[in-house]
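Trainee: Below you'll find the structure I mean.
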Amino acid sequence: MGNGLDGWHPAIPVVRACSYPTRPGNALRPWVDGEPAFRRVCEAIDSASQSVWVTVAFMWANFQMPDCRGSALDILNRAAARGLDVRVIFWRPDPETDNLKANAFWGSAEQFAQLMESHSAIRIRWDRAEPGFCQHQKSWFIDAGTDTETCFLGGINLNPHSMVAPGHRGENQNHDLYFELAGPAAVDVHHNFVQRWNEASERHSFDGRWGSGSDIDLPFPRTVPSRRGDVVVRIQRTIHRGRYRDGRATPGGAPFNIDAGEQSNFDQHCAAIRAACRTIYLEHQHIDVPEIIDCLRQALCRGVEIVAVMPAAAEHPECLTALGAFETFTLAGIAGLGHDGQRKPVWVHSKLMIIDGEWGTVGSCNLHRHSLFGNSELNVAFWDRYTAGALLSELLREHLGRDVSGIDDLVALRTFRAIARENAGLLKSGCTAWPGLAFELLT
């Protein structure tokens, strides 16, 4: 019996070493920036009939959902009060990452008191990473194992700086996104959650769980969800060596030695960049792994047009900025209008890549060594020209203030380069009235 991919020969190769198979028949929808993304997550939770499962890396104490819905805990408490199975896996920093506790719901005495005061019926397990690393996955999974199951994956933290609208009018804003996924590949997000829940590091500690039933493990999924669209998808991860003992295969997948760890995020990024023929569009807060930068340099030598959108206020490694010697490389930041009418830098927190207008990946994985080789990370990769084009068009409409949906990826990125370069000149002259948000950094 075929898997729906018989005779499929993608231009961007599929790497072999991955926990999960490539699955056709999915629906993917991007939600760009925190306000629309979290509004859609809240709508999905309000419509849920059975369960809401969440993985959280960072949750700030003052984070609020849009439309006066309250905090993330308020949203989840209301779902649990309706009788839904609400589970959350929170990261607990270790001594090496103790400085990050301030922005994590790590299970302090005050946070336990908050759960008690709200009579929370949420089931929680806390989970450490390997020392010095982070349980960095960000996912929301609605109605696991049902015909209507839906999940959200991306890089948006529960951070007030991320609760912003597209266009970024204001101060201290982050730019980020989620992908909404439905269809066969959702089973792999399901599998990932169960694996993490069942082997959460603190599950046997007196302060490592919360809620009635939080001591009970979950069964792994046994069936693949029905077709919901036309997109070929693969769920990719970074998993530290020795992190999990239970490496049973996901439905329809082959056995995988998870004890050896997983670096499919790194492998697939490198394979995709090496295969690029026309264009590479990236949004990342960090690109500092030499192997990735060397792949980008080789692509530039082949004549590939590359646009990298990164935080304007950050320091970038010399090996990356040296790519500016190529005319076809654009390193850009984005800046919105502040309340005082001046341009304010927007922190690019997204982790995405789109290649040749036909392949892309979105998720929690930065292009630095922690994300690629040590953290726990979760990305969705897709092979679909329509999805790639729609995502690129939506991002460039925000960044350039121009609709590029009617032009191909190569012309779109050359247009980006021209506008970003012109905007950089206007910024230097003190002018704030320029189109969109993007400006070139290497001028």
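The values are calculated or read from the model by the stated rules, or taken from the named source; none is laboratory data. Because the structure is predicted, anything quoted here is derived from the model rather than measured. Counting neighbours? That spans all protein chains shown, and the Cβs are built from the backbone with ideal geometry, glycine included.
Trainee: For residues that are crowded, with 21+ Cβ neighbours inside 10 Å and among the β-branched types (Val, Ile, Thr), scanning just segment 225-270, find the one that is modelled with the lowest pLDDT.
Mentor: THR250
So that you can scan it fast, the table gives a plain yes or no per residue for (1) closer than 24 Å to MET163 by Cβ; (2) surrounded by fewer than 24 Cβ atoms within 10 Å (Cβ to Cβ):
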position	(1), (2)
ILE355	no, no
CYS365	yes, no
HIS368	no, yes
GLU398	yes, yes
VAL404	no, yes
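Trainee: Only one residue in SER201, SER162 is in contact (Cβ under 8 Å) with a residue 12 or more places away in the chain and more than 30 Å from LEU282 (Cβ to Cβ), so which one is that?
Mentor: Answer to the selection: SER201.
Trainee: I'd like the full set of residues that are touching a Ser or Thr at 6+ places or on another chain (Cβ under 7 Å), crowded, with 24+ Cβ neighbours inside 10 Å and not in a loop (DSSP other than H, G, I, E, B), limited to segment 155-179.
Mentor: Selection gives HIS175, LEU177.
Trainee: Moving to a separate point now. Are there any pairs, at least 6 apart or on different chains, whose C-beta atoms fall under 8 Å, with the first in segment 210-224 and in contact (Cβ under 8 Å) with a residue 12 or more places away in the chain and the second in a loop (DSSP other than H, G, I, E, B) and surrounded by fewer than 16 Cβ atoms within 10 Å (Cβ to Cβ), and if so, which?
Mentor: Every condition considered, the pairs that remain are PHE220/ARG248; VAL224/GLY252.
Trainee: Continuing with the same structure: From ARG123, ARG92, ARG87, grab the single residue that is within 23 Å of the chain's Cα centre (by Cα), within 16 Å of TRP140 (Cβ to Cβ) and either in the same structural domain as ALA165 (by TED's automatic domain parsing) or modelled with pLDDT under 95 (or both).
Mentor: After applying the criteria, what remains is ARG87.
Trainee: Name every residue in segment 425-443 that is of a type in the set (A, V, I, L, M), surrounded by 13 or more Cβ atoms within 10 Å (Cβ to Cβ) and not in a strand (DSSP E or B), in order of residue number.
Mentor: Answer for segment 425-443, where residues must be of a type in the set (A, V, I, L, M), surrounded by 13 or more Cβ atoms within 10 Å (Cβ to Cβ) and not in a strand (DSSP E or B): LEU426, LEU427, LEU437, LEU441, LEU442.
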